[in-house]
Structure formats: C-alpha cells, structure tokens
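Working notes, beginning with the structure itself.
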Amino acid sequence: PPFNADTFTPAALALMENAVMANPALPLTRARKKGSGYVLKGQKDSVPLISTARFFLVSAKLDDTVRLFRVDRSADGVTCEAAPSMGLRAADLGTLSLHEVSVEGSALLGNDSYDHARVLDLGRIALCALGVGQAQAVFDYVKEYVNDREAFGEPISHRQSVAFMVADMAIEIESMRLLTWRAASRAAAGLDFAEQTYLAKLLCSEKAMKVGTDGVQLLGGHGYIKDHPVERWYRHLRAVAVLEGALSA
C-alpha cells in the first residue's frame, strides 16, 4: 500500500553482507518463527537509502529456505549506519544491523513458491543497466573530448592508439547493451532468464570497469580531476562488479 500513495515512499533491498565469501543466495542473516511472527538477526551491507528508507526488504535464511522480510526502520533492534562509498554517493549506501528484531507474520513476503534466485537475477539486470548507461556517458564525453583536444597541431583522435581505444569502447558498450536487453526482455516475457543474466553480468562487470578506466586514461591528467565528470563515472562503474541487488531498490 505505501507504494500506491501519492507521495514517494523510500524503501530498499538489503541483500549483501559484509563477510568473507559472502553469497547473497545463502545469507548469514537468520529468521526464526516466534509465535505468529518472526525474529531476525544479522547484518546487511551496502544497503541503499540507508538514511531515508522507511522500510527494508531483508533476505534471511528461514529453516532451509531464503526469504524476504519487510522490516521497518523504526522497529526495536534495527540500527542504520551510513558507510560512504567510493562511488554511487547518491545511493546513500550503509549498514543495516538487526538485533533480535521482531516482525509480524505478514512481514514475510510471498508464499512457498517464492524464488530468491529470480530476485537476485532481476537485481543483476538492474546493475547491468546502470553499467551500460554510465559507460555510454563516458563514451559520449570522451568521443567529443578527443576530437576537440589538439596536440602537435591536430586532434588527438587522429592518433591510432586513441582511435582504436575509443572504437573498442563502442564495441564493448554495444555488447553490454544487447546482452542486458536480452536478459531483460526474457524476464519481462516470463521466460527463464538466469543464463542470459549471468552472461550479461559477467560481461558488464569486466567491461564496464574497463570503459571507465579507458575513459580516464584518454583524458590524461584531466581524467583525474573533478573538472571533468569521467572520474565520477569511473567510480560508479567500479560498483557494477562488486554490488549485488543494491541498485534494484
């Protein structure tokens, strides 16, 4: 119901955990049945909108399954702490701690057919889309820059080493875009999309960072200063490979 209101209701998925070899498909956060409700205990990392979210959708292990629970930030035992990140500052990432937090039975989302793997895959598609958009922004900016920037009496784009790097960026971005579209279209059509999502995430995790790195490199010293936005996009693109589900909030 809050999402149908006239005003915006900030909420966030809480899937990632700060632990060695953490796996969002097998969370360490635990939920146990207590009376007609549940009790949650654990800690989530890289949770978006940590300062403003009215409630969180928290993944937790319940018996032998993984489920999502709706947890209000005002509930007893909930602690929200900001954790400023290298990039994605506007996402307001932080840590969500759950200390024996009691929730009602209605806080458990879905039924026995709930598919946590599908939730993770949808989040990965969202991250891929972020990677494609940010990479495209880098490319558009760099393309204009290398055509305008002159050295030795001509644009630096006339140098093959520069031109080839820009061409490679265009190729990788188009590949990222097509794989992301394919995964998203199958998800929207109700088809199985796990394999397509895996391929898209694998490519975007590697190539998005490369596009960001090459963008900074092509601007030379200008790529390292805040007068140009490429350094910010580079920091954003690093997140595509390390975040899980955070951008589908």
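Test of understanding: among L57, L68, L40, which residue is part of a strand (DSSP E or B) and in contact with a Phe, Trp or Tyr (Cβ under 7 Å, 6 or more places away or on another chain)?
L40
Based on what the data block shows, is I171 of a type in the set (A, V, I, L, M), over 17 Å from the mean Cα position of the chain (by Cα), over 16 Å from A12 (Cα atoms) and exposed (fewer than 13 other Cβ atoms within 10 Å of the Cβ)?
Against the criterion (of a type in the set (A, V, I, L, M), over 17 Å from the mean Cα position of the chain (by Cα), over 16 Å from A12 (Cα atoms) and exposed (fewer than 13 other Cβ atoms within 10 Å of the Cβ)), I171 qualifies.
Which of (1) of a type outside the set (S, T, Y); (2) open to solvent by 30 Å² or more (accessible area, probe 1.4 Å); (3) out of contact with any helix residue (DSSP H, G or I) (no Cβ under 7 Å at 6 or more places or on another chain); (4) within 30 Å of A53 (Cα to Cα) does R159 not meet, given it meets every other one?
(4)
M21 versus (1) on the phi > 0 side of the Ramachandran plot; (2) touching a strand residue (DSSP E or B) at 6+ places or on another chain (Cβ under 9 Å); (3) without any contact (Cβ under 8 Å) to a residue 40 or more places away in the chain: which is the lone unmet condition?
Every condition holds for M21 apart from (2).
Say we look at region 17-45 and pick out the residues that are of a type in the set (S, T, N, Q) and in contact with a Gly (Cβ under 8 Å, 6 or more places away or on another chain); which of these is least open to solvent (accessible area, probe 1.4 Å)?
T29
Among (1) under 24 Å from the mean Cα position of the chain (by Cα); (2) at pLDDT below 95; (3) assigned to a helix (DSSP H, G or I), there is one condition Y114 misses while meeting the rest; what is its number?
(3)
If I filter region 1-16 down to residues being assigned to a loop (DSSP other than H, G, I, E, B) and in contact (Cβ under 8 Å) with a residue 12 or more places away in the chain, which single residue comes out as most open to solvent (accessible area, probe 1.4 Å)?
Among them, the one singled out is M16.
Which of the residues spanning region 74-103 are exposed (fewer than 13 other Cβ atoms within 10 Å of the Cβ) and in a loop (DSSP other than H, G, I, E, B)?
S74, D76, P84, M86
The values are calculated or read from the model by the stated rules, or taken from the named source; none is laboratory data. Just so you know, these numbers come straight off a predicted model, no measurement behind them. As a convention, Cβ positions derive from the backbone with ideal geometry for all residues, glycine included, and neighbour counts pool all protein chains shown. Accessible surface is based on the protein model in full, side chains and every heavy atom, while ligands, DNA and RNA are left aside. Shrake-Rupley method; radii C 1.70, N 1.55, O 1.52, S 1.80 Å.
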